[in-house]
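The values are calculated or read from the model by the stated rules, or taken from the named source; none is laboratory data. The structure displayed is predicted, hence computed values, not measured ones. Counting neighbours? That spans all protein chains shown, and the Cβs are built from the backbone with ideal geometry, glycine included.
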Amino acid sequence: MDRGERVKLVLLWHMHQPLYRNGITGEYEMPWVFLHGIKDYYDMAWHASKFEGLKVTFNLTPVLIKQLKEYGEGKANCKFLELMKRPVKELQNHEKRWLLQFLFHGNVETMVKPFKHYYELFLRFERESQEGSFLKNLTSQDFLNLEVLFLLSWCGRYLRENSRVVKRLVEKESVFSEEEKLELIGELLRFTGKVIPLYSRLSREGKVEVSTTPYYHPILPLLLNIEAAKESTPDVRLPALHVNFKDDAELQTEKAIKEVKELFDFKGGVWPAEGGVSEEALKLLKEKGANWCATDEEVLFKSLSRRFGTREPLYRVYSYEGLKLLFRDRELSDLIGFVYKSWREDDAVEDFTGRLKRIGEQFKEPVVSVILDGENCWEFYRENGYPFREKLYRTLSQLEWVESVFPSELEATEKLERVVAGSWIGGNFLTWVGDREKNRAWELLGITKLNLEEERENDNYRKAKEKLLAAEGSDWFWWFGKGHYTPFSQTFDRLFRSNLIAVYKLLNKTIPQELFTPISRFKSSASEPPRNFVKAQVDGQVTSYYEWLEAGKVDLLEFSTMATQGFVMRELYYGYDRNGNLYLRVDGDWKRLKGRRFQVVFEISGKEKKSFTVEPNGTVTGCKGAKGALNRILEVEIPAECLSERGRLYLTVKLVVDGKVVEEAPFLSYALLDLSRDFSSEWMV
């Protein structure tokens with residue numbers, strides 16, 4: 001790298017949560033804004049601000065700001081917190097069950113295990129919940145301890161270092177009182193009120209840049225013209241009803257820019273929801289006051305007039321119709337989002353900066369944009385990612401050949417003549433439109449829009465319009481239909497429909513009966529247990545239709561709240577034969593690893609953790625007698641004597657390339673392997 005030549009690095013953390021407030025009751029049905037507020041939102045800005053000269057951009061969505069302010073001002077009617085405030089002895093069993101869906105929701109290794117008593121309660125929950133005896137066997141003191149420990153597990157580094165209440169309760173470990181619980185909740189609510197003022201101060205001091213997204217996080221190109229989905233996917237099946245939402249797209253954008261201008265030193269930056277752009281959307285953003293916009297690299301490569309055969313075009317700043325455009329380096333962004341969580345911090349930062357340096361050596365004056373979710377990945381890192389970020393920020397601050405920059409400081413050097421509509425997930429919009437459930441949601445939204453616009457003279461028109469705007473958020477469509485799993489799918493479905501129902505109620509119009517019917521086909525889990533014994537021929541092929549027909553199945557990616565289109569491993573099948581031998585199969589894009597040095601590691605935990613490493617040639621270490629084969633699929637047989645027990649086992653699959661873990665799945669801790677059922681007495685006709 002020439003002396004004096006620098007790599008300019010844009011580091012942007014995207015912060016967002018959908019509106020969890022029920023459109024009819026006004027009650028917050030999920031507590032994620034509050035929880036990420038105490039764990040991530042304050043900590044991220046505070047941590048970055050500690051490094052002199054480091055420039056970091058934070059994208060804050062107005063719908064997130066709105067909710068954080070309501071929690072901080074004590075105006076959020078949050079079902080979770082209201083139940084948590086009540087003495088345990090006054091809670092009904094159904095209320096305890098409702099709370100339990102959240103109280104173990106967190107990464108086991110990084111959030112639960114660090115608290116000894118919390119982990120003991122988790123193991124009891126895993127053991128006893130199947131028989132339905134967990135709540136029955138839990139004392140009031142146990143439940144109270146669980147409530148407090150859950151809240152402590154979500155407290156970020158700042159609170160653990162600076163809050164006397166949090167520090168005292170962490171040290172106490174258990175046997176908490178109701179008074180201590182209320183003291184903690186009060187402390188955390190006051191803390192959420194400090195989040196937005198911190199960003200406001202830091203932006204005005206020039207220590208961070210704040211960008212934003214259209215108000216409720218809608219997919220702007222689809223609001224403007226749903227036909228935009230066909231630019232990247234010509235054969236996509238669109239909703240039967242096409243409705244023009246252009247005025248809503250304009251309003252979502254105007255409201256967002258107006259709000260952030262009042263709160264921050266806003267430089268005109270926009271990260272459109274899910275990186276979703278189209279030519280029409282970019283022109284709208286420019287018209288409403290945006291100066292720069294960012295999206296994914298795949299959008300760029302589809303939009304270029306010719307193929308370059310190199311990644312060099314990615315590291316330029318572009319202009320389209322006067323709007324400055326940056327394009328996200330997917331590889332570097334996804335390394336932080338998905339891969340480095342399993343690495344030693346020193347190794348991860350060395351790898352990241354090494355890649356940056358190679359970009360600087362290959363290309364002249366590169367601008368590298370690293371853009372990813374600012375809250376969702378950290379629970380998978382040690383200590384909520386603090387040691388990793390500390391090492392990363394310190395290293396970036398000290399390296400002479402790296403210059404961290406704000407997007408607003410950059411000048412466009414290239415001009416784009418066209419932009420192909422797409423998003424940061426596969427360069428298309430299939431995550432939000434194109435299957436039965438997603439399209440049905442668009443149709444219900446469209447019908448409601450048509451009914452609303454007939455009532456422009458209604459005194460409640462503006463209030464009803466706000467409910468419709470909330471229903472246009474991308475998150476509802478993310479969870480509908482194919483692609484992602486959440487145990488809260490029914491709640492997301494209900495919240496979406498509640499906003500549409502609220503439109504009719506405010507207008508005093510008859511509510512269509514179809515809005516009382518769930519859109520989602522309920523999925524109890526992203527995994528299915530085996531239906532009978534399995535005995536596979538381990539040859540790396542699906543030998544026959546029946547070979548894995550009765551196997552259990554785990555979608556390794558559906559648990560994620562983040563984009564995972566670049567992963568190799570996608571689905572896991574498992575089963576066992578009459579002798580208890582375990583068979584595993586992993587489907588994925590194995591061809592991508594051709595010529596690479598890699599291994600697949602299966603970590604299986606029961607009474608003890610056992611690790612089995614599979615080489616590309618089928619050799620398995622960790623168990624004598626185990627065998628594997630990789631061809632179109634990966635198949636492995638592990639003899640019963642190599643397993644710690646037969647029953648409920650917990651599996652994590654890791655892909656190791658060149659000695660480094662590059663994938664780990666599932667994301668939420670582990671996959672449950674249920675080997676407990678004896679199929680000997682069952683028969684099929």
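Reported count of residues in segment 487-513, each being in contact with a Ser or Thr (Cβ under 8 Å, 6 or more places away or on another chain) and either closer than 30 Å to residue 425 by Cα or not assigned by TED's automatic domain parsing to the domain that holds residue 466 (or both), is 7. Closer than 23 Å to residue 231 by Cβ, more than 24 Å from the chain's Cα centre (by Cα) and crowded, with 17+ Cβ neighbours inside 10 Å, is that true of residue 285? Answer is yes for this residue. Within segment 393-400, does at least one residue satisfy the condition of being out of contact with any Phe, Trp or Tyr (no Cβ under 8 Å at 6 or more places or on another chain), at pLDDT below 95 and closer than 30 Å to residue 38 by Cα? Checked against the condition, which is being out of contact with any Phe, Trp or Tyr (no Cβ under 8 Å at 6 or more places or on another chain), at pLDDT below 95 and closer than 30 Å to residue 38 by Cα, segment 393-400 yields no hits at all.
Of all residues in segment 231-252, exactly one satisfies the criterion of being among the basic types (Lys, Arg) and either touching a Ser or Thr at 6+ places or on another chain (Cβ under 7 Å) or assigned to a loop (DSSP other than H, G, I, E, B) (or both), namely 237. Does residue 438 satisfy being of a type in the set (D, E, K, R) and either in contact with a strand residue (DSSP E or B) (Cβ under 8 Å, 6 or more places away or on another chain) or buried (at least 16 other Cβ atoms within 10 Å of the Cβ) (or both)? Judged against the criteria, residue 438 is a match.
Can you tell me which of 246, 261, 302, 255 is within 23 Å of residue 466 (Cβ to Cβ), surrounded by fewer than 20 Cβ atoms within 10 Å (Cβ to Cβ), touching a residue at least 60 places away in the same chain (Cβ under 8 Å) and of a type outside the set (A, V, I, L, M, F, W, C)? On inspection, the qualifying residue turns out to be 255.
Residues that are under 20 Å from residue 259 (Cβ atoms), touching a strand residue (DSSP E or B) at 6+ places or on another chain (Cβ under 6 Å) and outside any loop (DSSP other than H, G, I, E, B) within segment 274-311 comprise 285, 286, 292, 293, 294, listed in sequence order. Hey, can you tell me all the residues within segment 412-448 that are within 16 Å of residue 220 (Cβ to Cβ) and not in a loop (DSSP other than H, G, I, E, B)? Passing the criteria: 422, 442, 445. Residues in segment 191-230 that are part of a loop (DSSP other than H, G, I, E, B), buried (at least 24 other Cβ atoms within 10 Å of the Cβ) and either out of contact with any Phe, Trp or Tyr (no Cβ under 6 Å at 6 or more places or on another chain) or not hydrophobic (A, V, I, L, M, F, W, C) (or both): 213, 214, 215, 216, 217. For residues that are within 30 Å of residue 273 (Cβ to Cβ), modelled with pLDDT of 85 or more and out of contact with any strand residue (DSSP E or B) (no Cβ under 8 Å at 6 or more places or on another chain), tally how many sit in segment 548-604. Total meeting the criteria: 1. What about residue 346, is it buried (at least 21 other Cβ atoms within 10 Å of the Cβ) and not small (Gly, Ala, Ser)? Spelling it out, it is not the case that residue 346 is buried (at least 21 other Cβ atoms within 10 Å of the Cβ) and not small (Gly, Ala, Ser). Being of a type in the set (D, E, K, R) and at pLDDT 90 or above is the filter here, so list the residues in segment 487-538 that pass it. Listed by number, the residues that qualify are 493, 494, 497, 505, 509, 514. Among the residues that make up segment 69-90, is at least one of them of a type in the set (Lys, Arg), under 30 Å from residue 275 (Cβ atoms) and out of contact with any His (no Cβ under 9 Å at 6 or more places or on another chain)? Yes: one or more hits.
Quick check, is residue 219 at pLDDT 95 or above, more than 22 Å from residue 436 (Cα to Cα) and aliphatic (A, V, I, L, M)? No.
Residues considered: 407, 366. Of these, the only one that is crowded, with 21+ Cβ neighbours inside 10 Å, modelled with pLDDT of 95 or more and over 28 Å from the mean Cα position of the chain (by Cα) is 366. Here residue 188 does not qualify as surrounded by 22 or more Cβ atoms within 10 Å (Cβ to Cβ), modelled with pLDDT of 95 or more, in contact with a Pro (Cβ under 9 Å, 6 or more places away or on another chain) and hydrophobic (A, V, I, L, M, F, W, C).
Taking segment 139-150, which residues are within 25 Å of residue 109 (Cβ to Cβ) and free of Cβ contacts under 8 Å to residues at least 24 places away in the same chain? Lay out the reasoning, then the answer.
Residues of segment 139-150 that are within 25 Å of residue 109 (Cβ to Cβ), as a first pass: 142-150.
Within segment 139-150, just 142 meets the criteria.
When we screen 641, 663 for residues that are part of a strand (DSSP E or B) and either of a type in the set (D, E, K, R) or within 24 Å of residue 678 (Cβ to Cβ) (or both), the only hit is 663.
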